[in-house]
Structure formats: structure tokens, C-alpha cells
Amino acid sequence: MFGNNPAIAGSIRRNPTFRWLCAGSGLNSAGMQGEQVVLGLLVYQLTGSSAWVGISLALSFLPMLLIGVPAGALADRFDRRKVLIKTEFVLSLALALFAVFLASNRIGLSAALLMSVVSGSLRALHHPARLSFTGDISGNSGMVVALSFLGIVSRFGQLVGALFAGLIMEVFGPGMAYFALAFGHLIAAFCFIKTSIKSLSNLATDLLAETTTASKSLRYSIKEYVSLLFGSSTLMLLLIFASVIEIFGFSFATALPEIAVLRLSLDAGGLGFMHAARAAGGLFGAWLLSVLIIGQLGRLYLGVMAGFGLALCFLAFAPAFVSVLLCVALIAVFASSADILVQGMMQLCVPDALRGRAMGAWVVALGMGPIGHLELGLLISLFGVTIALLTNGIVLLFIGLIAWFFSKSVLAIKNHAHPDD
């Protein structure tokens, strides 16, 4: 089931376009994670309610549900590199403007929620372009390895972003924290500018030229996307499973501010360390997938889903700071593994020219996050953190085990780079 493939990994690492893509992705992830830390604590300070924290995080993911389909079509029709550059510049500008308002003490809850929607919309455009661009560089044989490398730098960026955003907010306030986030996204834009289409394979170059000059309308591209989704039972199942993990798994971030403040009596710096542990666990999970070539991708994915649920149950009863950090890190190992595996499997299920639309499906699953954040926030308000996390963990564990016995098409997905295939 496992085997090393140093030739593929070395080739990907040496690709200059992939290096700049990783640099920009790391900075983008630092900004995204840092924004979650600052926004979550800001909203909690404004309202004193985990339910409102859940709402704020839900609003940041809602645009992904609404525009994931057209974003995937855009990633197939236009130059993916230019999409990455433009979204970073606009996101940097939006965060900087929000920082100005924060510094002038003119920010209330409604403005914070609006910023959450704006940044979520820009990230919805960014994700399918970045992930499908990664697939162009690596090809099918190196898909999981390339996504794992990208996951490593992204999780490292999340770790740094969580730590620095929490510390900057604690020392200088939320306005300066948002200024720092804006600067990071500006640097990311310049990293994406350094990527070169010439360094891609001929196949990827031809693909990008074809998609940027296509005469098809965006509306027709979306129709093709819908036909692809409903015409492939495997892709649809992957979308459903990714949505389940998003709703019942990734929503655990809603509980972290209350765990930090009420259970552990921590401040912004402590919450930053919790998010840093999350990033560190995700980094470790991505590293594992980068050094091990997995033959049976589907089987591993469903096992990861069940393990994710079990880890949530551990967090529900974690009594102290160290145990919480360990549980958060373990959850993140499963979370990053689930993301990387499903991204690779979705792209392997479609023709090369439809990578963007496959990643649009993943963004749609990501957009299911609002349901999870609202659900967990409501459960915390009604029954407390322990019961809420335990409920989500049991649901995810149960669905993962059931899917193992009944989802034959997903279980059959294999890594094209594995020597036994």
C-alpha cells in the first residue's frame, strides 16, 4: 500500500514555478488562518457568544458554497496564474481598508461580518485556481505528492499566521493585526507574479492557452460543470463526503475561543497557540502524505474520516492546555490528510481540462462550512462545548465507518503513481 517515489517528489520540488506557487500559497494560508484568529476573538469580544463566532466563520465560508461552481469554471476558462494574482491584490486592499476602520474605532459587529463575507468571496475564487494550477504542474502521476507539498507550506503558513496574528492582536490590537495580514497577501501576489507559464509541461501550457482563448461562454462552462458533477457518481460521492467532513469536522474551530476563555482562562495569545497547534498537526499530516505514496487512496480517505471523528471526541473531554493542544494537533492531522486526499481524488476522476471544475466541487464542499459552524455554535450554546464536540465526533465516526462498507466506487480510487497500479 505504501512506497517511496523520490523521482516524482524531486522533480516537483525542483520546478521553479511550483516553488513560487508554494511561497505564495504559504503566505495566503498565513493570512487566512491569522484572520480566523483575529476575527474569531474580535467577534467574541464584541458579543461574548460562541454562536456569533460560529456565524462569523460561517459567513466567511458561505460565498464558497454560492460561487464555488462559477469559480471552478473561471479556473478552467481563464489564466489561473492571473486569477491568483488579482485575488491576492484585492484581498490585500480589503484587509487594509478594514484595518483603517478598526484603528479609528469605527467597527461594530456588522462591519466584522461584512469583512468575513468579502474575504470569503475572494478566497472562493482563489482556491480552485491554485489547486488546479498545482495539478497542471504535477500531472496525474504526481498529483498527491504535489498537493502534499503544497499542504506542507500552507500548514506552515497557518502556524506562523496563527501565532503572529494572535500575538500582534494582543500587543497592538486588531487594527495592526489586520494591517499585517494585508501586507502578507500583498507579498503573496508578488510571489504568484514570479510563477512562469513557460516552466509548465507542454500539456499544461496547451491547456492554459486553450482555456484562456476558448470561445465558450462562462454560462456554458457552468452547464458543463453541472453535467460533469451529476454524470459522475464517484465525483458526487466525494463531494458529499467532503461536505460531511466540512460540516461535522472542520467546524470544531468555532469551539476554540470558548475553550480558550472559559475552560482554560487564556487570552488572544493562548488562542493563537491553539491555532498554531492546529497548523502544526496539519503540517505533519501533509508531510506524511508527501513522503508516502498511497496506493489505495479511497480506503485511506474513509479511514481518515473515521479517525477525524474519534479525535473530536478526545477534544471534547481534554481538561488542560497541553491535552487540548495535542487533541487539536491530532484533529489537524486528519483534517489536512482529508483535504489533500479528496483534492487529488477529485482531479483524478475528471479529464485534465476539467481540473478547475473538479476543484470547484471541492470549494462547494468547503462552502458547506457555514452549516457546521452554525450547528456547532448552536449546540455549544444549548448543551456546552463537551456535548457539542462529542456529538459531531460520533456523527463523523459513524458516517466514515458506514461509507467504508457501502462506497465501492470511492474505495476503488487508486494513486496512478503507485508501482502496483
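Some notes on this structure:
- For 334, 164, the ranking by accessible surface with the largest value first comes to 164, 334, using a 1.4 Å probe.
- Phi-based couplings in Hz for region 391-402 (Karplus 6.51, -1.76, 1.60; Gly and Pro marked x): 4, 5, x, 5, 4, 5, 4, 5, 5, x, 5, 5
- 38, 83, reordered so the largest accessible area comes first (probe 1.4 Å): 83, 38
- Accessible area of residue 387 (1.4 Å probe, protein heavy atoms only, ligands and nucleic acids ignored): about 80 Å².
- Placing a label point 7 Å from the Cα of residue 398 along the Cα-to-Cβ direction, the residues of region 300-321 whose backbone N falls under 14 Å from that point are 309-310.
- Magnitude of the charge dipole for region 45-91, about its Cα centre and with charges confined to Cβ atoms of Lys, Arg (+1) and Asp, Glu (-1), is about 180 debye.
- The loop-placed trypsin sites (Lys or Arg not before Pro) in region 103-183, going by DSSP, that have at most 12 neighbouring Cβ atoms within 10 Å of their Cβ come out as 106.
- Accessible area per residue for region 305-361, computed on protein heavy atoms with a 1.4 Å probe, is 26 Å².
- Here r is the Cβ-Cβ distance between residue 323 and residue 46 and R0 is 41 Å; the resulting FRET efficiency, rounded to 0.05, is 0.90.
- Within the accessible surface of region 280-368, defined with a 1.4 Å probe on protein heavy atoms only, the carbon and sulfur portion equals 82 percent.
- Figure note: 304, 117 ranked by solvent-accessible area, largest first, 1.4 Å probe, ligands and nucleic acids not counted: 117, 304.
- Accessible area (Å², per residue) of region 87-192, counting only protein heavy atoms and a probe of 1.4 Å: 35 Å²
- With all protein chains modelled, accessible area of residue 44 [1.4 Å, Å²]: 30 Å²
- Taking all protein chains as they are arranged and a probe of 1.4 Å, the heavy atoms of residue 327 leave approximately 20 Å² accessible to solvent.
The values are calculated or read from the model by the stated rules, or taken from the named source; none is laboratory data. As the structure is a computational prediction, the values presented were derived from the model and not from experiment. Note that we place each Cβ from the backbone using ideal geometry, even for glycine, and neighbour counts take in every protein chain shown. Ligands, DNA and RNA are stripped out before the accessible areas are found, and what is left, the full protein with its side chains, is counted by its heavy atoms. Shrake-Rupley method; radii C 1.70, N 1.55, O 1.52, S 1.80 Å.
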